[in-house]
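Have a look at this one.
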Amino acid sequence: MSIRLILACGLATLFTGMAANGGDVKFQKVVLDKTFRAEGVATGDVNHDGKLDVMAGDVWYQAPQWKMNELRPLGSYNPEKGYSKCFAQFARDVNGDGWVDTMIVGMPGGPALWYENPQGKAGHWQERVLWKSACNETPVAANLLGDGKLAPIFGIQPEGQLTWFSAPTDLEKPWDAHPISTTNNVSAVRFAHGLGVGDMNKDGRADVLFTKGWWEAPEDRTQSPWKFHPANLGPNCADMIVYDVNQDGLPDVITSSAHDYGMWWFEQKKTEKGVEFVQHEIFGKPKTEPYAEGEFRPFSEPHALILADVNGDGLPDLVTGKRWYAHNGGDPGGKEPAVLYWFEQKRAGKEVQWIPHKIDDDSGVGTQFEVRDMNGDGKLDIIISNKKGVFIFMQE
């Protein structure tokens with residue numbers, strides 16, 4: 001089976017019988033804020049009115065007029081020279097009171113915090129320490145135990161261990177830490193790149209991935225360390241997605257470059273030497289010759305990646321974009337437009353194609369974003385907070 005990227009978006013019309021094709025999918029850009037608030041974002045019904053609100057670092061926006069409210073004291077962040085205090089944000093009812101709280105991971109190496117929803121009362125949310133240090137530029141929160149609760153996963157220092165966390169009985173204390181890796185692990189250094197969660201061996205349990213391999217989830221997830229399976233899963237990346245791309249029954253891995261050009265998938269193969277992963281390029285560096293009108297031009301810094309069925313045809317697609325000024329413009333292509341794309345998955349026989357569709361060229365992604373149906377119309381929307389501001393792309 002071959003996997004290739006189709007560079008002419010019009011080729012989507014060659015396929016029929018789908019719920020919608022790329023040309024049918026349209027987004028309305030809703031600007032919640034033009035101020036740099038955060039590079040992570042979360043959604044949840046903050047005020048119990050039945051509508052999904054948006055949380056972005058120091059603030060939250062109330063649907064549907066998107067009135068801004070302070071969650072904690074406002075910071076002032078320079079999008080061209082600095083960073084915010086929110087690299088990733090997740091929504092979870094931590095204390096079980098029925099009101100959604102939020103977890104925020106700031107600058108790598110700094111503390112991870114959680115904030116208790118005040119249940120409609122005025123004032124800032126109560127801040128508590130989740131853990132004293134949170135490393136890796138792509139911390140994640142996943143349904144690791146299958147109980148519907150998001151478990152934070154990131155590296156910790158000085159132990160140098162990749163770790164998952166469960167909420168403690170005493171919520172005034174730091175969360176209970178459950179190391180996944182051994183100590184002094186490369187996945188747990190301050191600015192490590194690449195982290196993902198998915199079932200790599202089809203045993204029904206969610207495993208944890210890094211670019212150097214993956215940790216097999218034991219039946220008792222509190223067991224430490226987890227069994228490690230070395231594998232070459234490519235260069236420094238952001239999110240690592242487990243998905244059987246070629247439908248051969250073996251889970252593959254999809255990644256994207258954090259600070260350069262490139263998006264890839266790694267085909268899992270069983271050989272006489274054991275399990276190997278073969279790298280396939282979805283897109284690489286831009287070519288040197290001019291581009292034709294409408295031709296896809298690769299972008300750099302796709303620092304966050306989500307697999308979701310954007311057009312409702314039953315096949316998951318890829319959503320990503322440029323994390324504008326990830327290193328303050330110093331990365332390859334760092335000053336190019338902040339584009340946002342979805343890559344439509346198409347299958348014809350044994351051939352798979354990823355067809356790029358530009359959504360916007362003045363937003364991009366942050367270090368973490370969400371894809372979710374915000375208004376209950378059955379169509380997936382894209383929620384972003386980054387150095388350009390805070391946005392919702394509502395699918396029409």
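The values are calculated or read from the model by the stated rules, or taken from the named source; none is laboratory data. Given the structure is predicted, the values throughout are model-derived calculations rather than measurements. Cβ placement follows ideal geometry from the backbone for every residue including glycine, while neighbour counts extend to all protein chains displayed. With ligands, DNA and RNA removed, areas are computed over all heavy atoms of the protein, side chains included. Shrake-Rupley method; radii C 1.70, N 1.55, O 1.52, S 1.80 Å.
Quick check on Glu276: is it farther than 22 Å from Ile382 by Cα and open to solvent by 70 Å² or more (accessible area, probe 1.4 Å)?
Yes.
How about region 142-152: which of its residues are open to solvent by 20 Å² or more (accessible area, probe 1.4 Å) and either touching a Leu at 6+ places or on another chain (Cβ under 9 Å) or of a type in the set (S, T, N, Q) (or both)?
The answer is Asn143, Leu150.
Which residue, of Val242, Val197, is in contact with a Pro (Cβ under 8 Å, 6 or more places away or on another chain), open to solvent by 20 Å² or more (accessible area, probe 1.4 Å) and not in a loop (DSSP other than H, G, I, E, B)?
Val242
Can you pull out the residues in region 251-293 that are under 19 Å from the mean Cα position of the chain (by Cα) and at positive phi?
Gly262
Same structure, new question: Would you confirm whether any residue within region 84-104 is open to solvent by 40 Å² or more (accessible area, probe 1.4 Å), within 24 Å of Leu305 (Cα to Cα), touching a residue at least 40 places away in the same chain (Cβ under 8 Å) and out of contact with any Gly (no Cβ under 9 Å at 6 or more places or on another chain)?
no
How many of the residues making up region 246-261 are open to solvent by less than 10 Å² (accessible area, probe 1.4 Å) and outside any strand (DSSP E or B)?
1
I'm told Leu340 meets every condition in (1) touching a Lys or Arg at 6+ places or on another chain (Cβ under 9 Å); (2) over 20 Å from Ile392 (Cβ atoms); (3) open to solvent by less than 10 Å² (accessible area, probe 1.4 Å) except one. Can you identify the failing condition by its number?
(2)
What residue, of Glu344, Glu370, is of a type in the set (D, E, K, R), under 20 Å from the mean Cα position of the chain (by Cα) and closer than 19 Å to Asp33 by Cα?
Selected residue: Glu370, the only one of Glu344, Glu370 that is of a type in the set (D, E, K, R), under 20 Å from the mean Cα position of the chain (by Cα) and closer than 19 Å to Asp33 by Cα.
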